[in-house]
Amino acid sequence: MSGLIKSSIARKVVMALSGLFLVIFLVLHVTINLASVISPEFFNEASHFMGYNPLVQFIMQPILIAGVIVHFVMGFVLELQNKAARGIGYVKYKGSANAPWVSRNMIYSGLVILAFLGLHFYDFWIHEMAYKYVEANPEDPTRYYAETVEKFAPFWRTILYVVSFVLLSLHLWHGFASSFQSMGVNNKYTPGMKSFTKLFAVIVPLAFAFIAIYHHLNPITH
Amino acid sequence: MKIYLKIWRQKDVDSKGKIVDYTLNNVESDMSFLEMLDVLNEDLVAKGEEPVEFDHDCREGICGTCSLMINGQPHGPDRLITVCQLHMRSFNDGDTIVIEPFRAKAFPVIKDLIVDRTAFDRIQQAGGYISVNTSGNPVDANAIPIKKHVADKAMDAATCIGCGACVAACKNASAMLFTSAKVSQFALLPQGRVEATERVQNMVRQMDLEGFGNCTNTGACEVECPKGISLENIARMNREYLSAAVEG
């Protein structure tokens, strides 16, 4: 078992599985967020459910946070190993001749996403934890839409979010299909999977960016 | 053609190397790249200087001995060839060419452009073989029917010449393409299935012990491989490894 944990292949499988788990979460996240544009009432209901359902709060949320931590800690471990494996670097290295930029710079797109998660957690998660558990406010199933729209009032925050979604797109562009290769799946469905990955990597971050820009441009007028 | 060369010179494994500039005035476009280096070395010897050490053997693209990083690409800018098959017609008069050894911690530089690739030998020795009864009455390999496309895939994997271009090209200095080709050539055939579980576990363990990096699926290895070994082999090795782990 210890041999398996130390193995490069097992570590890549951990990256792939945690990555795919986060991809599934993204689908759920973007679906609920889209509701904030279409139906504020439904958005409030869904957000309240996610915020107060014990299964979501105490089982799914810790699993999600663990998934994020595993993905980026393993990413750092692999990156450090990879840097060490080269030893002395090349004077001239033409990486662009044989591999796309996105695949060679997953650590940088990942670091931007990690920094964004810091801001995102500060904006929503810490605020939510403080509201519920520190300030011990009573349940209010109608507050989420206004809180979300208000967050996107500052131009700087909207821009930071949109830039992060561009980097998320680049990360997904390589990472999604790549996770199947890491798990040993490379067959007649692979070209289709790669096409789907590119579609997914554009549509999901574009939807997130659209929601941020929409709320920035459509503030609640009192 | 006039060619400006920037070549990595390193006295021995313990010395610190550096790039040294050379100029060659009479390079013919039909020279092979290695012949161009031969001309340089003749000049250096005539001047009483130490010639540039580089690996070469068959000069026919089949032995996998030559190993140069040329302008940032293993085996130079052309596809599906080794350095010995690269010709000076791929360059222009007045070009500057940077020549470096394949870089990986697991491939220490022995001298100048020569690296120690015995790490590959040790991976091969860890499981890249089948145990065959050689008592005098072995079963003919052709007696076992094998589907054509499966035999082709095994043969494709077996064309790996172990040159190390995959490691040199990979941003992580990963040896996954080499190891996976050696695993695949046996894993695909019935004769190789007998020891398949131990083979993949032992070869991957040795690969990791040698200090090669991890695979990021960039595909650089596949592009730079002079034999066009496919990434499918890496996926196959991952499958073999995971099913071996399940088997215990």
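Here are the numbers for this structure:
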quantity	calculated
Chain lengthening between residue B:144 and residue B:9 when straightened (0.36 nm per residue, less Cα-Cα)	43.4 nm
Of B:245, B:189, A:168, farthest towards positive along the dipole that unit charges on Lys, Arg, Asp, Glu beta carbons give the protein assembly as shown	B:245
C-alpha center-to-center spacing [region B:1-49, region B:71-105] in angstrom	13
Most mobile listed residue (B:126, B:181, B:165) in chain B, GNM with C-alpha springs under 10 Å	B:126
Chain A - percent of accessible surface contributed by carbon and sulfur, probe 1.4 Å	75
Positive-end residue of B:26, B:5, B:108, charge dipole of region B:3-111 with Cβ unit charges	B:108
Per residue solvent-accessible surface (Å²) - chain B, probe of 1.4 Å	44
Sparsely packed trypsin sites (Lys or Arg not before Pro) within region A:158-222, loop by DSSP, other Cβ within 10 Å at most 14	A:188
Farthest toward positive dipole pole in region A:2-106 [+1 Lys/Arg, -1 Asp/Glu at C-beta], among A:7, A:70, A:51	A:7
Total lysine pairs whose alpha carbons fall under 29 Å of each other in region B:69-218 (8 or more apart, or interchain)	9
With Cα atoms, 0 to 90° folded angle of helix B:33-46 axis to chain B main axis	50
Neighbour cut-off at most 13 other Cβ (10 Å), DSSP loop, trypsin sites (Lys or Arg not before Pro), region B:93-162	B:147
Accessible area per residue, Å², region A:87-222 with all protein chains present, probe 1.4 Å	55
HN-Hα J in Hz across region B:48-64 - Karplus 6.51, -1.76, 1.60, θ = phi - 60°, x for Gly and Pro	x, 9, 6, x, 7, 7, 8, 7, 6, 8, 6, 6, 10, x, 10, 8, x
Distance cut-off 22 Å, percentage of C-alpha pairs in region A:16-122 lying past it	49
Chain A: DSSP helices with Cα axial extent of at least 30 Å and average Kyte-Doolittle hydropathy no lower than 1.6	A:8-38
With every protein chain in place, region B:3-111: carbon and sulfur % of accessible area (1.4 Å)	44
Residue-by-residue Karplus 3J(HN,Hα) for region B:197-207, coefficients 6.51, -1.76, 1.60, Hz, glycine and proline x	4, 5, 4, 5, 5, 5, 5, 5, 4, 5, 4
Rounded FRET efficiency, nearest 0.05, which uses the C-beta distance separating residue B:58 from residue B:23 and R0 of 22 Å	0.15
Efficiency of FRET from Cβ geometry, residue A:193 and residue A:115, R₀ 30 Å, rounded to 0.05	0.55
Chains A and B, summed buried accessible surface - 1.4 Å probe, Å², nearest 100	3300
For chain A, diffusion coefficient by Stokes-Einstein and Kirkwood Rh (Cα), 4 °C, 1.567 mPa s, µm²/s	67
Computed [θ] at 222 nm, helices only, for chain A once each DSSP H run of length n ≥ 4 contributes -39500 (n - 2.57)	-24500 deg cm²/dmol
Average Cα contact separation per residue, chain A, under 8 Å, 6 or more apart, as relative contact order %	32
At R0 = 51 Å, FRET efficiency that the Cβ-Cβ distance of residue A:57 and residue A:77 yields, to 0.05	0.95
Residue among A:16, A:99, A:177 with the largest mean-square fluctuation in a Gaussian network model of chain A, springs linking Cα atoms under 10 Å	A:99
Residue with peak Gaussian network fluctuation, chain B [Cα springs, cutoff 10 Å], from B:71, B:133, B:172	B:133
Only Lys, Arg (+1) and Asp, Glu (-1) charged, at Cβ; the protein assembly as shown dipole about Cα centre in debye	460
For region B:3-111, Kirkwood radius (reciprocal of mean inverse C-alpha pair distance, Å)	14.4
Region B:3-111 - charge dipole about Cα centre, Lys and Arg +1 at Cβ, Asp and Glu -1, debye rounded to 20	580
Within-14-Å neighbourhood charge of residue B:125 [Cβ basis; K, R +1; D, E -1]	+1
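The values are calculated or read from the model by the stated rules, or taken from the named source; none is laboratory data. Being a predicted model, the structure only gives us computed values, none of them experimental. Backbone-built Cβ (ideal geometry, glycine too); neighbour counts: all protein chains shown. With ligands, DNA and RNA removed, areas are computed over all heavy atoms of the protein, side chains included. Shrake-Rupley method; radii C 1.70, N 1.55, O 1.52, S 1.80 Å.
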